[in-house]
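Colleague: Take a look at this one; I'll ask things after.
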Ligand SMILES: [Zn+2]
Ligand SMILES: [Zn+2]
């Protein structure tokens, strides 16, 4: 299963102007296909994960991203240089939502079952999440077999 244990995580935009690091425990990895996420990101579906603001900081040369107020209580952050869609901040929240796509190591952050606003998607768009424990199961079975995977000569 994917691990959501606290550790140093990093991410950033396409051009490197905006970078961040976070040490807290990720939570609520999920998908959203609402109209705002779609317009903002240019993608039909956005994968999100929350991280505590405690232990989070902007580390790139650009400092904070540029923010656009997308609703009464939410601002969305993007790189002013390259446009990467990076984060969303609810007013007064102690957490920041980050786009999983812009993490340096997104592999362990697998979205759960939550897929908001799925109903509005075009009928030809399907999102499926491969179960990581399936792949890991195969790997551990191979390991138990005792033979290392050696290529035939
Ligand atoms: Zn950038
Ligand atoms: Zn959304």
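Colleague: Does residue 42 count as within 16 Å of ligand 2 (Cβ to nearest atom), modelled with pLDDT of 95 or more and on the phi > 0 side of the Ramachandran plot?
Modeller: On the way: within 16 Å of ligand 2 (Cβ to nearest atom): yes; modelled with pLDDT of 95 or more: yes; on the phi > 0 side of the Ramachandran plot: yes.
Criteria met by residue 42.
Colleague: Collect the residues in segment 38-59 that are assigned to a loop (DSSP other than H, G, I, E, B) and surrounded by fewer than 18 Cβ atoms within 10 Å (Cβ to Cβ), keeping them in residue-number order.
Modeller: 42, 43, 44, 53, 54, 55, 59
Colleague: I would also like to ask the following. With the structure loaded, tell me whether residue 12 is crowded, with 19+ Cβ neighbours inside 10 Å, more than 16 Å from ligand 2 (Cβ to nearest atom) and either at pLDDT below 95 or over 21 Å from residue 120 (Cβ atoms) (or both) or whether it fails that test. Before you say what the answer is, go through the steps one by one.
Modeller: Numbers: crowded, with 19+ Cβ neighbours inside 10 Å: yes; more than 16 Å from ligand 2 (Cβ to nearest atom): yes; either at pLDDT below 95 or over 21 Å from residue 120 (Cβ atoms) (or both): yes.
Here the answer is yes, as residue 12 does meet what is asked.
Colleague: Out of curiosity, is residue 75 surrounded by 15 or more Cβ atoms within 10 Å (Cβ to Cβ) and in a strand (DSSP E or B)?
Modeller: Criteria met by residue 75.
Colleague: Next question. Considering only segment 10-27, I want to know if a residue exists there that is closer than 21 Å to residue 129 by Cα and touching a strand residue (DSSP E or B) at 6+ places or on another chain (Cβ under 7 Å).
Modeller: yes
Colleague: Which residue is farthest from the chain's Cα centre (by Cα), if the candidates are limited to segment 83-120 and must be surrounded by 15 or more Cβ atoms within 10 Å (Cβ to Cβ), assigned to a loop (DSSP other than H, G, I, E, B) and away from ligand 1 (no atom under 16 Å from the Cβ)?
Modeller: My answer is 117.
Colleague: Identify the residue in segment 13-37 that is assigned to a loop (DSSP other than H, G, I, E, B) and touching a helix residue (DSSP H, G or I) at 6+ places or on another chain (Cβ under 7 Å) and, among all such residues, is farthest from ligand 1 (Cβ to nearest atom).
Modeller: Ranking the candidates gives 33 first.
The values are calculated or read from the model by the stated rules, or taken from the named source; none is laboratory data. Since the structure is predicted, the reported quantities are computational estimates derived from the model, not experimental observations. Reconstructed Cβ throughout: ideal geometry from the backbone, glycine too, with neighbour counts over all protein chains shown.
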